[in-house]
Number of protein chains: 2
Amino acid sequence: MKFLAYFVLVCFFTVPLVEGRVRHYKWEVKYEFKSPDCYKKLAITINGRTPGPSIIAQKGDTIIVELKNSLLTENVAIHWHGIRQVGTPWFDGTEGVTQCPILPGNTFVYKFIVDRPGTYLYHAHYGMQREAGLYGSIRVSLPDGESEPFWYDYDRSIILTDWYHNSTYEQAAGLSSKSFVWVGEPQSILIQGKGRFDCSTPGIRAGLCNATNPECTPYALTVIPQKTYRLRIGSLTALSALSFEIEGHNMTVVEADGHYVEPFVVKNLFIYSGETYSVLVTANQDPSRNYWASAKIVSRPSNTTNGLAIFNYYPNHPRRNPPTFPPLRPHWNDTEPRLAQSIAMKSHKGYIHPPPQTSDRVIVMLNTQNRINGNVRWSVNNISYNLPHTPYLIALKHNLTHAFDPSPPPDGYNFANYDIYSVPKNVNATTRTGIYRLKFNTTVDIILQNANKMDPNNSETHPWHLHGHDFWVVGYGKGKFDKTKDPKNYNLVNPIMKNTVAVHPYGWTALRFLANNPGVWAFHCHIEFHFFMGMGVVFEEGIEKLGSLPTSIMGCGDTKGFHRP
Amino acid sequence: MKFLAYFVLVCFFTVPLVEGRVRHYKWEVKYEFKSPDCYKKLAITINGRTPGPSIIAQKGDTIIVELKNSLLTENVAIHWHGIRQVGTPWFDGTEGVTQCPILPGNTFVYKFIVDRPGTYLYHAHYGMQREAGLYGSIRVSLPDGESEPFWYDYDRSIILTDWYHNSTYEQAAGLSSKSFVWVGEPQSILIQGKGRFDCSTPGIRAGLCNATNPECTPYALTVIPQKTYRLRIGSLTALSALSFEIEGHNMTVVEADGHYVEPFVVKNLFIYSGETYSVLVTANQDPSRNYWASAKIVSRPSNTTNGLAIFNYYPNHPRRNPPTFPPLRPHWNDTEPRLAQSIAMKSHKGYIHPPPQTSDRVIVMLNTQNRINGNVRWSVNNISYNLPHTPYLIALKHNLTHAFDPSPPPDGYNFANYDIYSVPKNVNATTRTGIYRLKFNTTVDIILQNANKMDPNNSETHPWHLHGHDFWVVGYGKGKFDKTKDPKNYNLVNPIMKNTVAVHPYGWTALRFLANNPGVWAFHCHIEFHFFMGMGVVFEEGIEKLGSLPTSIMGCGDTKGFHRP
């Protein structure tokens, strides 16, 4: 009976509420001790919670978030991941690109329209605060009377993250020191903010780890037998590529980053940081038991325990462990099925947005690991990025010409002579702050070209996220991109649109997008540490079409006095 | 020979350099891993060092510090402790009182005159950054041709601190949580940034503590036999009251907070956070060995190991341990000698600044521990302080009337009915942001009245620090201050002037100062955690006499757009 009550409560809170067209949130950000994986550490919370409150809205709604920064000495900024911010590029929440950070004690008001249904995320976009716990989910439903091209009984959201016991300060100091201390593998994988670290691990300081803390009770997804669930899965890992699986259940992929996918069935879903998917799962297995839901690290040889949740068949107890061992597949090093899933992702046939058949500009971006002044960095075409402290958007609108390097980064690299399978011959790169200026309303192709790292036989997966746009994923390939041959095989018929896409080890990924959203937009590897180490670029387009900027985004760097009450 | 070279080097760098009248420093603040007590943790450094670089200047010099904030997401501000900032109240460096914090990536220029010779300090004055390692010493020498009323061969500076292995964020989150997690006793006492934590302590995470790390080699003060040393000792502990002692050597106290003391001899010097003293020590003991210098926690029952340094008689090896056990005296709980030292501190007879014989206003400040909305706090007259995010100085000059509570805090408490020896009958207090407005050029008396904490039989020592002024210490007493009788016993003949003074357990301390420095000035307990928990007030005087404020201090709270390039 208690569980039924619990269940009804869950339904009540997760069914979209249809109320006004303006959804107003008041959030307070601060540090609190949390034990999401039984190990107590500081987390950045919103209204006392991590993950933060979900934003549940309907297409066309206006979201207002009054964000109060109650951190002691730290600023903050929040990005609305997947929301294109058409007409409101200043509320994209990207410190250094679209806004100044929000000072302790200050309240900043984000106001934007969610103009497309789908599954989105929000998270801090300043320093490495995202992985300190400052994130949550955004779910935008269809307008009344419209329906998706698939059917389900219930709708659930799950965010996957990885979790470190060191603070982001410690990690940042290690990553930016000459001696380079890598962050290592995460201590836990969290499913909807819950994980489980082994408190008997040697070397844990007494009192910090408590296996019986209710905060680390595994997340239970309670299902009614024979019902079909839309599971909206987002990944905001700091580092890890994941394989998500529900023991004994197939999943039908139906949505990716807010776009309908031509449905296909998987046993396990590969998901990279910054991506969202909707899968349909029917509770059609033996209802007398529970099942494991697991999230396993792939693409890196990690010894981190798989993240586990309980796929709980009502009326079984949600904390009753399944009688089986959790799934252990797939092997971390098996790239083929990951590439296959990427390629399988096509636009739903009833919802194809045809891409332009040609592009106006092609930018090839070689992804490399480098060394600059003795520090390990990541680069694009040998340039490693450091965000300036005067946001580009303001610098460009106000002609603050000294705020960043006026010369643009290159559209390619020394293509003919670069061996992507070897350690770079010359590991040196440079730090610059120049940006790509895109002609408004043109079509731009980006070729993400992967390569070997600074250690032999190692090429990593990088999930690249574009702010302010969705792009068409027009092609994937192995090895070095061939600019003559490969474009002939682009899928220009039914490519999926996304905002985040992986470039696989030693491979390339080709994207096409329309530079039609006036503003300044970051495009970066969504691995927190890689972006921190320089793996990103910035695009500008149509900035002349924007009216005056809200002064609330100003007040740092060269814009220190620009704020008007 | 190597040691002689070392010694010469030390002399070269510590003898005041007489160069121009402007001393220009460029400092970069960032996080780095340091092992000051053999345990590796993040520290805030200046140009890679903690303690930061010493400021060595001559009376009348202009100090310019260009402070670049290279922290990732944190702001910063630095206070010049003991420098009165006559004419430059905006460069006092107190976040929330005199300036907005300095944002990451920004450079702020402090410019002020050191108008009195003496021993001073600098340290962060934002959040609890001071105890993360952001501090250093200021030494101001006499003008050419003038000399002190005492003689010495060499001049040395030492800062004493206590050191915690938890981060300030963890401490702050614990202190401000409803469940109230006290910071506990420090892990180490550092002498000039060097301490020694026992790496064999159970529960230390592997790899964090390394007893052979050269960073935790004890500080060695190398002395030449028969020479006399002026030892400038400052305390910037977060919490601890200390007793400093050099085994087998007497110390003659000659300076306190920049004022000459009528010399007196001590075996051990009691020193509270925020105080500075000069003592003369002659190396007149057996020169064939070294001696311990030790700093012991008093006033709290602490199990922290004493801080140890080596008083190294040249040419003995500076790392050769003395053959004796370090001093263990005095007992932590023995209040009498601490009070006796306080009372013994008089102005040097040749340098008496006579205090006004009467005062215009008496403010009695009852120091209590309280509870507000379930949180543990410290209060003055039942008001616990929270710094607003619009600095008072700017709010007052620019009539930003909503920036803080316009009603002033009370000049006293319910005197007749308060039992200072008992747990408070009513532990509730309130949080307010109102300030004391002092009539310009008036004489103000402050009576700091100590009391019992919220637990029985416990009254702590609080060192109170006044910004922008020195005050005369006109009296100390035990028990409850009697406003009729006690003022008759004030020392109005030769009271010492100081900027920091202790109020002893269950006692009172009476101060007198001239409100003659136009500006807004904090007055607070110098224990980092107590100030964080509300133990402070703010004074304003003569603000109408100030010209326009530099806009570089603006840009936060209600002054967000006030900065002008």
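The values are calculated or read from the model by the stated rules, or taken from the named source; none is laboratory data. Everything numeric in this text was worked out from a predicted model, so none of it was measured. Counting neighbours? That spans all protein chains shown, and the Cβs are built from the backbone with ideal geometry, glycine included. The accessibility values were calculated without ligands, DNA or RNA, using every heavy atom of the protein model including side chains. Shrake-Rupley method; radii C 1.70, N 1.55, O 1.52, S 1.80 Å.
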Strands (runs of 3 or more DSSP E) wholly inside the range B:123-229 containing at least 3 residues that are touching a Gly at 6+ places or on another chain (Cβ under 8 Å): B:135-141, B:154-163, B:188-191
For the range A:29-61, which residues satisfy the criterion of being open to solvent by 30 Å² or more (accessible area, probe 1.4 Å) and within 12 Å of another protein chain (Cβ to nearest Cβ)? A:K30, A:Y31, A:E32, A:F33, A:K34, A:K40
What number goes with the only condition from (1) within 30 Å of B:C100 (Cβ to Cβ); (2) crowded, with 24+ Cβ neighbours inside 10 Å; (3) in contact with a helix residue (DSSP H, G or I) (Cβ under 8 Å, 6 or more places away or on another chain) that B:A502 does not pass? (1)
Evaluate the following for B:K111: is it part of a strand (DSSP E or B), open to solvent by 10 Å² or more (accessible area, probe 1.4 Å) and away from chain A (no Cβ under 14 Å)? yes
When every residue in the range B:391-439 that is of a type outside the set (A, V, I, L, M) and in a strand (DSSP E or B) is compared, the one least open to solvent (accessible area, probe 1.4 Å) is B:Y436
Looking at A:T430, A:T443, A:T461 in this structure, which one is at pLDDT 95 or above and more than 27 Å from A:A241 (Cβ to Cβ)? A:T443
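Listed here are the residues, each with its yes/no results for (1) under 21 Å from the mean Cα position of the chain (by Cα); (2) within 17 Å of B:L438 (Cβ to Cβ).
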| position | (1), (2) |
| --- | --- |
| B:V362 | no, yes |
| B:M365 | yes, yes |
| B:N375 | no, no |
| B:N382 | no, no |
| B:P388 | no, no |
| B:A395 | no, yes |
| B:N399 | no, no |
For the range B:342-390, enumerate the residues that are of a type in the set (D, E, K, R) and either buried (at least 23 other Cβ atoms within 10 Å of the Cβ) or in a loop (DSSP other than H, G, I, E, B) (or both). B:D360, B:R377
Residue by residue through the range B:79-106, note down the ones that are within 25 Å of B:G193 (Cβ to Cβ) and either of a type in the set (V, I, T) or in the same structural domain as B:I394 (by TED's automatic domain parsing) (or both). B:I83, B:T94, B:I102
In the range B:62-108, which residues are away from chain A (no Cβ under 14 Å) and of a type in the set (A, V, I, L, M, F, W, C)? B:I63, B:I64, B:V65, B:L67, B:W80, B:I83, B:V86, B:W90, B:F91
Can you pull out the residues in the range B:440-474 that are over 19 Å from the mean Cα position of the chain (by Cα), part of a strand (DSSP E or B) and not β-branched (V, I, T)? B:D445, B:Q449
